[in-house]
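Contents: one structure, followed by commentary.
Read-outs: derived from the displayed coordinates by stated rules, not from any lab. Bear in mind the structure is a predicted one, so any value in this text is a computation, not a measurement. All Cβ positions, even for glycine, are placed from backbone atoms using ideal geometry, and neighbour counts span all protein chains on display.
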Amino acid sequence: MFVKNCWYVAAWDHEVLADTLLARTIVGESVLVYRKADGTPVAIDNRCAHRHAPLSLGRKEGDAVRCLYHGLKYGSDGRCTEIPGQETIPDKLCVRSYPALERGRWIWVWMGDPARADEALIPDAFSLKHAEWRYKPGYLHYDADHLLICDNLLDFSHLSYVHEKTLGGSPNIAEARPSVQRLARGVHVTREVRNTVPAPYHARLGGFSGQVNRRFAYDFLVPGVLLMHAHVKPADSADDDMSGALQFHSCQALTPETATTTHYFFMQAHRFRLDDATITESIYQSLCTAFEEDRRIIEAQQRLIAASPPRPMQPIAADLALSQYRRVVEQLMEAERVSIVQPPAPRTPGTVASTAATR
Amino acid sequence: MFVKNCWYVAAWDHEVLADTLLARTIVGESVLVYRKADGTPVAIDNRCAHRHAPLSLGRKEGDAVRCLYHGLKYGSDGRCTEIPGQETIPDKLCVRSYPALERGRWIWVWMGDPARADEALIPDAFSLKHAEWRYKPGYLHYDADHLLICDNLLDFSHLSYVHEKTLGGSPNIAEARPSVQRLARGVHVTREVRNTVPAPYHARLGGFSGQVNRRFAYDFLVPGVLLMHAHVKPADSADDDMSGALQFHSCQALTPETATTTHYFFMQAHRFRLDDATITESIYQSLCTAFEEDRRIIEAQQRLIAASPPRPMQPIAADLALSQYRRVVEQLMEAERVSIVQPPAPRTPGTVASTAATR
Amino acid sequence: MFVKNCWYVAAWDHEVLADTLLARTIVGESVLVYRKADGTPVAIDNRCAHRHAPLSLGRKEGDAVRCLYHGLKYGSDGRCTEIPGQETIPDKLCVRSYPALERGRWIWVWMGDPARADEALIPDAFSLKHAEWRYKPGYLHYDADHLLICDNLLDFSHLSYVHEKTLGGSPNIAEARPSVQRLARGVHVTREVRNTVPAPYHARLGGFSGQVNRRFAYDFLVPGVLLMHAHVKPADSADDDMSGALQFHSCQALTPETATTTHYFFMQAHRFRLDDATITESIYQSLCTAFEEDRRIIEAQQRLIAASPPRPMQPIAADLALSQYRRVVEQLMEAERVSIVQPPAPRTPGTVASTAATR
């Protein structure tokens, strides 16, 4: 149902402070996210091995966490280190530990086989922490299957209709054909819209008296990470002249909470007027408004699909990227099914996870 | 689960204005109801064929509707006429169209095989639009299986108990035996209650100093349409003397939304003091109060049935009409099952529906 | 799923006044609880045999109850005594009657085979009505499987963690090993905690300058009834010297409403300063605060279990009593399954229940 062997964004850095015990459900599993004294993020099963009370209602004690139901204490590797009133601790009394690390301002968690956790697979969301870019972080909760939101992000023709009065502004966007390139773990999409009107939100940022050219170029990678360069500039400027361009870099991550609910971490960074906080705020507000427009229609779509007799969706040309992406996801899931059927390598969850977490 | 080959009341006329895109779920299907420029009602599947976004969040463009997710446009026959950025339109890219028409002040939709849509099957709710009758229209939403509400309407003995202080007034109503006659698509019920007290709501309408005779005579037709003549008059007047009678005609329609929720369209028209708006209002208020009394017990009944271990209901004599009606419904459903097993006639949903809608 | 052949607490006496028709769901069955004119409690199926309308929306008429949907009337033995407009009453037109009686201040209902209802099986909650004890009655509704609450009550190690700042006060409680004794229909648990600090709530009751000894000794009986003697006294007093002790007796009863919701009736009586109402109130408030602490973690535990992939719970030594209790429950359920497979003795529900109810 989900690709497991990949890095999921679990939280913004500011969601997990020194004392926080954050419970976050990812692909249906309740994960406890917190920090060791040195700041390193930890991700372990939120269910105490004993009676499945949530550790998020427990207490941080140094790098460990104590369940505040019957007092069992767990190290950051998921091993139980104390059972009140009991000398020996059975090996089985441990909770699963997930490889976790911080990159940019996101805390990433590997939900699959810890032995396969590979830092190189973390998407390069460079603008999350970069001196040349500014942004304000955003989060939305969706009552929808994350794949419906992936669909949305993989076909920007919706800007013309869903975001007519915000990020869009013209049917031209829908009319432009994007180019789509298959990647190992996703797709790359490029869409150019020439000689069009600036979007209402561009107008608010100022400076375009005439028509503009817009360009969107992004990777969209499992499990739902969009990394996009976008710009808008006067239509009469030379293609390689970026002097009058507004340049953006957007990082957005969809993390399925359950089969029908989704965490949505997002930001859109700007590379111009870095010291003007009103610009940062204006872009953030425009994004929030537009993403509410998306949420309204996607949650309605989800409800309609859930309530209606099943019926196939009919493909159109604009589905190229989303069809490709869904195929990538299916192939990765199929590969995981096959690898699970084969005998897995022996492993001790706590130990391996500990190794991964401290990389 | 539902009789499909029949006309369902989808809306009061005033619910669908010139610009309205009304989403209404009928027998589990989300239907978009709107009007063409000439006022003719249209009913099509509310799900865009592309990604199943609700067309009710779209935009009316002339007689057509545009999905405001990716911009697909549909004619009132359900055919797609435009896909942004795409030249050819596949035949499969259409939404189902339902035969729809307006009669009286109700918009009726045929939920079954369009080829069998027959206007002659529309129940004759004549008082919905008639110079000699006055009423105020009502609507209720029920969290209950529509059949439980049919049961209620098919046994007026409940007036003595549920409506003791509103429409009833005496155990006499429950004690009177109705006569029940089987019809092709329903039942006809007549109940006379002689030498009884006026109901509290009659008392408010004025004019009865002594005992009265009451008479209820109604057709109850699939899928849940009640058409009733009722009157109350002094008990000492001759049977054919209607000079002192208060005469009513009531049109009520139950439209299943889902298996456990129901739309309830209702009115009770009066044929006396036509120019006294306070009479019209008083009857409407009495009905609303009484129908809340019904809803309270029927929704409680629904919850109890849903939450309890299954157990057969025990029949009593008063069930005669409701048992007959349930048998009519089962026979019609069985007939539809048989007809579906046989090879259906080939049809193009859009075309046929269009024909039906413009009759 | 539940032991049926046992007495369940259905209500506090004050919940069922002379005119009350109380609907209370017990082990998934909606039961109507009311009193006859002489005060004797009655428990019958809340569903009218006719169309399953709730009798709790009906009307008491003497010792009988009338359904206010179609007017059927039932005696306190569950037999139908009147059907409006109908002479004969079929035998099947009766509702199930449950043996019911009042003991102390609780109304108990037998949910299993009435022929096996045995008053001797009612747990001896003597302090519910006793001149030497004072208390204020409590009730909580839980969104949790009652067995999770049984677990809680069967392992007081949680006092150290869940109730650190209320009923606990020290890890000593968790460190003390209880003794557990198997009973025919439950377990007996004794826990002594010596040389510990008084609990915060003891401190509020006053009088301890130094360390204390605490003792808890309780029966925990199906279907979830705790009957506990507890005391706290100066650690330096002789074991048999109760002069400086605060003595408590607590009666608590868990009644499953459904598989995942529970009624919780509770009180903790004190045997000291009987005429000081502030003591009674203070103990009640402490209990309410502490039981909210329990509810918070147990409902979170329930949600986590319901939402997570299934995984076995890992036993620890502190589970001794709860494991024993769960075994008792399983054995009683297994015994009931076997007895149901064998041909049951013929019985008329109404009659037998009537007998039981008037014992």
(message) Placing +1 on the Cβ of each Lys and Arg and -1 on the Cβ of each Asp and Glu in chain C, which of C:148, C:75, C:253 has its Cα farthest towards the positive end of the resulting dipole?
(response) C:75
(request) Please compute the Cα-Cα pair-distance distribution of the protein assembly as shown with 10 Å bins starting at 0, giving whole percents from short to long. (result) 2, 9, 14, 15, 17, 17, 15, 9, 3, 0
(request) Compute the projected area of the convex hull of the Cα atoms of chain B, averaged over all viewing directions, and report it in nm² to one decimal place. (result) 20.1 nm²
(request) Just need the relative contact order of the stretch C:126-328 here, percent rounded to a whole number, with Cα pairs under 8 Å and 6+ apart. (result) 28 percent
(message) At 7 angstrom along the Cα-to-beta-carbon line, where would the label on residue A:312 sit relative to the other copies? Give the distances in nm, shortest first.
(response) 4.6, 4.6
(request) Report, for residue C:192, each distance to the same residue's label point in the other copies, shortest first and in nm; define the point 7 Å along Cα→Cβ. (result) 8.9, 8.9
(message) If I build a Gaussian network model for chain A, linking alpha-carbon pairs within less than 10 angstrom, which residue out of A:107, A:279, A:26 has the largest mean-square fluctuation?
(response) A:279
(message) Nothing charged except the Cβ atoms of Lys and Arg (+1) and of Asp and Glu (-1): what's the magnitude of the dipole of the protein assembly as shown about its Cα centre? Round to the nearest 20 debye.
(response) 540 debye
(message) Under 8 Å for C-alpha pairs, at least 6 residues apart: give me the relative contact order for the stretch A:7-113, rounded to a whole percent.
(response) 27 percent
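What do you get for Rg/Rh over the stretch C:232-300 if you use C-alpha atoms and the Kirkwood form of Rh?
Details: Rg = 15.8 Å, Rh = 14.4 Å.
Using Cα coordinates only, the ratio equals 1.10.
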(request) Would you please state the base-10 log of I(q)/I(0) at q = 0.13 1/Å for the stretch A:126-328, with intensities from the Debye formula using one equal scatterer on every alpha carbon? (result) -0.72
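Say R0 is 51 Å: what FRET efficiency, to the nearest 0.05, do residue A:313 and residue B:195 get from their beta-carbon distance? Walk me through the intermediate numbers first.
Working: r = 65 Å, r/R0 = 1.28.
Here the calculated transfer efficiency is 0.20.
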(request) Taking each label point as 7 Å beyond Cα in the direction of the beta carbon, state the distances from residue C:239 to the same residue in the other copies, shortest first, in nm. (result) 9.5, 9.5
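Counting only C-alpha contacts under 8 Å and six or more residues apart, can you give the relative contact order of chain C as a whole percent?
Values: 717 pairs, mean separation 71.2, N = 359.
Contact order relative to length: 20 percent.
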(request) With chain B rotated onto chain A, spot the residue of B whose Cβ lies nearest the axis and note the distance in whole Å. (result) B:306, 11
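Take the Cα pairs of the stretch B:7-113, get the Kirkwood Rh, then feed it into Stokes-Einstein at 37 °C and 0.692 mPa s and tell me D in µm²/s.
240 µm²/s
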(request) In a Gaussian network model over chain B where Cα atoms closer than 10 Å are linked, find which of B:111, B:333, B:242 has the largest mean-square fluctuation. (result) B:242
(message) As I understand it, the dipole of the stretch A:180-246 uses +1 on the Cβ of Lys and Arg and -1 on the Cβ of Asp and Glu, about the Cα centre. Which of A:196, A:210, A:235 lies farthest toward its positive end?
(response) A:196
(request) Would you compute, for the Cα atoms of the stretch A:155-204, the largest minus smallest coordinate along each principal axis and list the three values in descending order, in whole Å? (result) 38, 19, 17
(request) Would you calculate, for chain A, the mean residue ellipticity at 222 nm contributed by helices, counting each DSSP H stretch of 4 or more residues as -39,500 (n - 2.57) and dividing by all residues, to the nearest 500? (result) -7000 deg cm²/dmol
(message) Just to confirm my understanding: which cysteines in chain C have no other cysteine beta carbon less than 4.7 Å from their beta carbon?
(response) C:6, C:80, C:94, C:150, C:251, C:288
(message) Which one, C:186, C:300, C:274, is farthest towards the positive end of the dipole of chain C when Lys and Arg carry +1 and Asp and Glu -1 on their Cβ?
(response) C:300
(request) Let me know the charge dipole size of the stretch B:126-329 about its Cα centre in debye, to the nearest 20, where only the beta-carbon of Lys, Arg (+1) and Asp, Glu (-1) is charged. (result) 240 debye
(message) Using a 7 Å offset from the Cα along the Cα-to-Cβ direction at both residue A:339 and residue C:261, what is the distance between the two label points in nm, to one decimal?
(response) 4.5 nm
(request) Please find, in a Gaussian network model of chain A (springs between Cα atoms separated by less than 10 Å), the residue of A:190, A:88, A:20 whose mean-square fluctuation is greatest. (result) A:88
(request) Only Lys, Arg, Asp and Glu count, each charged at its Cβ (+1, +1, -1, -1), so figure out the dipole size of chain C about its Cα centre, rounded to 20 debye. (result) 420 debye
